[in-house]
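The block underneath contains the structure these notes are about, expressed in structure tokens.
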Amino acid sequence: MTLTTTAIGGPALAQERRIVTAIPGPRSEALMARKNSAVASAVGTTMPVFAQAAGGGVVVDVDDNSFIDLGSGIAVTGVGNSAPRVVEAVQAQVAAFTHTCFMITPYDSYVEVAEKLNELTPGDHEKRSALFNSGAEAVENAIKVARSYTGKQAVVAFDHAYHGRTNLTMALTAKSMPYKSGFGPFASEIYRAPMSYPFRDGLSGPEAAKRAISMIEKQIGAANLAAIILEPIQGEGGFIVPAEGFLPSLVEWARANDVVFIADEVQTGFARTGDMFASEHEGIVPDIVVTAKGIAGGLPLSAITGRAEILDATHAGGLGGTYGGNPLACAAALAAIDTYVEDDLAAAARRIGSTIVDRFTAAQATDPRIGDIRGRGAMIAIEIVDPGTNEPDAALTGRVAKACHAEGVIVLTCGTYGNVIRFLPPLSISAELLTEGLDVVLTALENA
Ligand SMILES: *Cc1c(COP(=O)(O)O)cnc(C)c1O
């Protein structure tokens, strides 16, 4: 497959699963001991091993174990780790200049990233973009812009939402433990509406939208509402895909009521779901799209992109930051975005998705603990339940993930109830590695 040759990163890493020590090995164990005495304990790690190299579809640890990567560092390294075009672009930029601050002495790569985002995000209206460092920072700025433009304050987020860990984004995020507990008070004028969750609510998209809109109209009032923010497919909350019709109904209502519709595509963006942006699937055109994670091949960058009249409504100097749109991150983003487009990684995501869905659909026929298989493209999850009652089984989910880690496969869990295993492989993963990784997951599930 040409993908593996164009997108493999690192010093020609062998694309294989290889376990040569106990997991964790001695070097990782020693580093973990140092971590425990040097790093705040609240900063946890999913894997018990430390990385030394990564590329294509593998992460190699400091003991020379090679793991199949089904997580991409949480949907970040879509183009692969240390993808050659990204490495080359960053190396050239780091030698030219590392920072001027765009607000002091601007540079062209920032403008070019904005142009690309304006061109690639849904809708052919006039757009503007602004660049930041993290997903949470971009979400905050999307809310700032929506309030400034509408002159209104209230914001609606949804059940199971995840928008970040800063103060405003904690308020938008739904799950208390571990993201919010003990960290209040939270920002005011944030309201939570019911999400469409077909596996658990059985509602059609229009029915679920009607429920949410009724709550919004009765409890907040459109006259007070600046923005609705929503992940087109929820990430951290459990890869919940709203029923068909839910998103278009909300967008239509927002447009009719002078409410800014913000799509948080931080996890779903950049070919991940089989389209460049998940909003495209049902043809919705958000007023603002928030991007981060997959945008720059692993360098910290985020963006808001939206209608020119909305983004240009904020007073001069109202948006910015010291590092936002750092030149290294912009160079990486231009290389990564070219890779997504030129290598048609959206098609790669669709192939990856059908492989994963096929495997679990076959397994589900004899294993009712796989309650739901959902997602799109290379963003697929299984929800693990008690077969009799559909009650979430977080303990089993945790055991399966741990068994995968010990067998050389990086998988992540998620979900409000902690019972979802999510698959976010790099789009550069080979078909063989993906199949082997899924074999390991299915065996771990059988044995758990
Ligand atoms: C990860 C994520 C964020 C926060 O991004 P950070 O870069 O971690 O601040 C926001 N929204 C969604 C949907 C995410 O997945």
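The values are calculated or read from the model by the stated rules, or taken from the named source; none is laboratory data. No experiment lies behind these values; they were computed from the predicted model shown. Cβ sites come from the backbone with ideal geometry, for glycine too, and all protein chains shown count toward neighbours. Each accessible area value is taken on the protein alone, full model and side chains, heavy atoms only, with ligands, DNA and RNA left out. Shrake-Rupley method; radii C 1.70, N 1.55, O 1.52, S 1.80 Å.
For segment 315-358, compute Rg over Rh where Rg is the Cα radius of gyration and Rh is the Kirkwood radius from the inverse mean 1/r over Cα pairs. My calculation of the ratio gives 1.28.
Return the lysines within reach of LYS116: Cα separation strictly under 19 angstrom, same-chain partners fewer than 8 residues apart disregarded; answer none if there are no such residues. List returned: LYS127, LYS293. With the simple model of a label 7 Å out from the Cα in the direction of the Cβ, ASP201 to THR361 spans 2.6 nm. Remark: segment 178-193, residue by residue, has Karplus-estimated 3J(HN,Hα) of x, 7, 10, 4, x, 9, x, x, 9, 4, 8, 6, 10, 10, 10, 10 Hz, where x stands for each Gly or Pro and the curve is 6.51 cos²θ - 1.76 cosθ + 1.60 at θ = phi - 60°. The alpha-carbon of LYS218 sits under 28 angstrom from the alpha-carbons of these lysines, leaving out residues fewer than 8 places away in its chain: LYS144, LYS152, LYS175, LYS180, LYS210.
Each of the peptides 346-359, 58-71 was scored by the mean count of other Cβ atoms within 10 Å over its residues; in descending order, highest first, they stand as 58-71, 346-359.
Rg over Rh for segment 162-206 works out to 1.08, both radii taken from alpha-carbon positions and Rh defined as the Kirkwood radius. Using Cβ point charges alone (K and R +1, D and E -1), the dipole size of the chain about the Cα centre works out to roughly 1040 debye. Only alpha carbons enter this Debye calculation for segment 123-254, each as an equal point scatterer, and the log10 of I(q)/I(0) it gives at q = 0.10 Å⁻¹ is -0.32. Of all the options ALA53, ALA171, ALA313, the one that moves most in a Gaussian network model of the chain with Cα springs shorter than 10 angstrom is ALA313.
Segment THR105..VAL43, full-extension length gain: 18.8 nm, with 0.36 nm per residue of separation and the alpha-carbon distance subtracted. When the chain is treated as a Gaussian network with alpha carbon springs shorter than 10 Å, the biggest mean-square fluctuation among ALA329, ALA42, ALA406 belongs to ALA42.
Across the chain, the mean sequence separation of Cα contacts (distance under 8 Å, 6 or more residues apart), normalised by length, yields a relative contact order of 22 percent.
Taking Cα pairs under 8 Å and at least six residues apart, what relative contact order does segment 86-342 come out at, in percent?
The value is 31 percent.
Would you work out if segment 86-342 is rounded, prolate or oblate? Take a ≥ b ≥ c from the square roots of the eigenvalues of the alpha-carbon gyration tensor; rounded if a/c is under 1.5, else prolate when a/b is larger than b/c, oblate otherwise. Judged from the Cα gyration tensor, segment 86-342 comes out prolate (a/c at least 1.5, a/b above b/c).
Around MET379, under 9 Å between beta carbons, what's the net of Lys plus Arg minus Asp minus Glu among the other residues? It works out to a net charge of +3. Counting charges near LEU70 (Lys, Arg +1; Asp, Glu -1) among other residues having Cβ under 13 Å from its Cβ returns a value of -1.
Sorted largest first, the spans of the alpha carbon positions of segment 293-421 along the three principal axes are 59, 32, 31 Å. Ordered from largest to smallest accessible area (heavy atoms of protein chains, 1.4 Å probe), the residues MET32, MET177 come out as MET177, MET32. Gaussian network model of the chain, Cα springs within a sub-10 Å range: biggest mean-square fluctuation belongs to which of LYS218, LYS127, LYS210? Per the Cα network of the chain with a 10 Å cutoff, LYS218 tops the list. Taken over the alpha carbons of the chain as equal point scatterers, the Debye sum produces base-10 log I(q)/I(0) values at 0.10, 0.11, 0.14 Å⁻¹ of -0.70, -0.86, -1.41.
With Cβ to Cβ distances under 14 Å as the rule, what net charge do the other residues near ASP367 carry (K, R +1; D, E -1)? Here the charged neighbours net out to -3. With the simple spin-label model, which puts each label point 7 Å out from Cα in the Cβ direction, the VAL94 to GLN52 separation comes to 1.9 nm. When you filter the GluC sites (Glu not before Pro) in segment 55-151 for DSSP loop state and at most 14 other Cβ atoms inside 10 Å of their Cβ, you are left with GLU126. Treating r as the C-beta distance of ASN257 and SER354 and R0 as 51 Å, the FRET efficiency rounds to 0.85.
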